[in-house]
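S.K.: Right, I'll just put the structure down here and ask away after.
The values are calculated or read from the model by the stated rules, or taken from the named source; none is laboratory data. The structure presented is a predicted model; accordingly, all values stated were derived computationally and were not measured. Methodologically, a virtual Cβ is constructed for each residue, glycine included, from the backbone with ideal geometry; neighbour enumeration extends over all protein chains shown.
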Amino acid sequence: MDFVSEAVAALPPEIRRHFGLDNVPGDGRPRPVAELLDLTGRTVLVTGGGGPDLGSVLCRRLADQGALVGVLDVDAEAAAAVAAELGETTGREHVPLVADVSDWAGVHAAVAAFADRTGRLDVLVNNAGGGFGTHGPFATRTQADMDAVVAVNLVGVLYATHAALPIMRARGGGRIVTIASEGGRVAMRDLGVYNACKAGVIAFMRNLAREVGGDGISTVTVCPGGLLAPKLIERMAAWPGPLASAIDQGLAATPLGRFGLPDEVAVAVAFLASDAGGYVNGTELSVGGGQSA
């Protein structure tokens with residue numbers, strides 16, 4: 001034991017309880033970084049996990065770190081394909097799940113099914129999102145445009161989180177990592193509805209941290225910028241197509257002068273899902289090349 005561990009152990013039990021010292025991970029000793037990042041034995045549920053842009057990349061990275069991954073997606077074939085791929089590469093059986101995160105009953109049932117099958121839920125990654133392609137001046141947005149974007153990017157996060165909380169509370173803790181966007185932190189032309197949802201997600205995670213910290217549950221948001229993923233590459237190929245202004249303004253606002261790689265975001269999520277990121281709580285982490293600097 002080091003000095004801190006020995007000093008804490010020597011304190012009377014009532015003092016340790018008063019200052020929350022019994023909740024310090026392990027015995028307070030420094031641990032090797034590789035050990036801290038290891039997710040072996042953890043269960044992680046990723047919404048939108050079948051998606052080719054970020055969801056499947058998140059699932060691969062988390063599985064590579066040792067986690068048993070639940071791949072939740074509205075597309076049953078995509079979820080099954082990603083889960084099967086993870087099983088082939090890791091030798092462990094991962095779990096495909098089908099639900100629309102904006103369907104209250106459906107997402108609650110899927111989250112409960114994952115916990116029932118694995119016996120626990122350690123980490124929820126709220127990744128499902130979309131609607132970036134419905135960008136344009138706010139005055140030209142239709143009700144259908146707005147409803148679709150809000151349903152998946154904001155309501156879906158609320159519903160999936162609501163489904164996970166009682167399961168995490170019952171087992172004494174957990175972690176919720178939500179994918180937002182740099183657009184939730186800075187103004188961008190023609191992305192008002194999408195970015196409003198992402199700003200709402202950031203605020204929700206901050207507020208929730210105050211509410212559930214006493215249950216051992218931590219919450220954090222990850223804010224990617226533009227990602228060099230299949231959809232963006234398709235839009236680049238069609239440049240200067242209908243999304244040219246959104247793509248160009250995102251790149252121009254990024255000090256590093258390039259778009260990010262999906263795995264750069266996935267690595268950050270894996271860190272936050274692990275013991276290495278255990279004391280990061282109630283805040284957002286920018287993984288956008290400085291776009292919100």
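S.K.: When you go through (1) touching a Cys at 6+ places or on another chain (Cβ under 8 Å); (2) closer than 29 Å to D275 by Cα one by one for D215, which number turns out not to apply?
M.R.: Here D215 clears every test but (1).
S.K.: From the list G225, G288, which residue is buried (at least 17 other Cβ atoms within 10 Å of the Cβ), in contact (Cβ under 8 Å) with a residue 60 or more places away in the chain and touching a Cys at 6+ places or on another chain (Cβ under 8 Å)?
M.R.: Going through G225, G288 in turn, the sole match is G288.
S.K.: Here's a check for you: in the stretch 223-242, which residue that is among the hydrophobic types (A, V, I, L, M, F, W, C) and either part of a helix (DSSP H, G or I) or closer than 30 Å to R206 by Cβ (or both) is modelled with the highest pLDDT?
M.R.: The qualifying residue modelled with the highest pLDDT is C223.
S.K.: Among (1) buried (at least 19 other Cβ atoms within 10 Å of the Cβ); (2) more than 22 Å from L58 (Cβ to Cβ); (3) among the basic types (K, R), where does R171 come up short?
M.R.: So the condition that R171 fails would be (1).
S.K.: Considering A76, A7, A67, A34, which residue is within 25 Å of A163 (Cα to Cα) and more than 18 Å from the chain's Cα centre (by Cα)?
M.R.: Within the list A76, A7, A67, A34, the selection yields A76.
S.K.: Of all residues in the stretch 183-217 being part of a helix (DSSP H, G or I) and of a type in the set (K, R), which is surrounded by the most Cβ atoms within 10 Å (Cβ to Cβ)?
M.R.: This residue is K198.
S.K.: Do you know which residues across the stretch 157-182 are β-branched (V, I, T), part of a helix (DSSP H, G or I) and within 14 Å of V46 (Cβ to Cβ)?
M.R.: Matches in the stretch 157-182: V157, T161.
S.K.: Shifting gears a bit: In the set A246, A268, which member is under 24 Å from L154 (Cα atoms), within 15 Å of the chain's Cα centre (by Cα) and either assigned to a helix (DSSP H, G or I) or in contact (Cβ under 8 Å) with a residue 60 or more places away in the chain (or both)?
M.R.: One residue alone meets the criteria, A268.
S.K.: Looking only at the stretch 120-146, filter to residues that are over 17 Å from the mean Cα position of the chain (by Cα) and in contact (Cβ under 8 Å) with a residue 60 or more places away in the chain; which one of those is farthest from E93 (Cα to Cα)?
M.R.: Among them, the one singled out is H135.
S.K.: Further question: What are the pairs, 6+ residues apart or on separate chains, where a residue within the stretch 102-113 that is touching a residue at least 12 places away in the same chain (Cβ under 8 Å) has its Cβ under 6 Å from a residue that is part of a helix (DSSP H, G or I) and among the aliphatic types (A, V, I, L, M)?
M.R.: S102/A151; S102/V152; S102/V155; V107/A160; V107/A163; H108/A163; V111/A163; V111/A164
S.K.: Which one of the conditions (1) crowded, with 21+ Cβ neighbours inside 10 Å; (2) farther than 21 Å from G49 by Cβ; (3) free of Cβ contacts under 8 Å to residues at least 60 places away in the same chain does V149 fail to meet, given that it meets all the rest?
M.R.: Only one criterion in (1) crowded, with 21+ Cβ neighbours inside 10 Å; (2) farther than 21 Å from G49 by Cβ; (3) free of Cβ contacts under 8 Å to residues at least 60 places away in the same chain is unmet by V149, namely (2).
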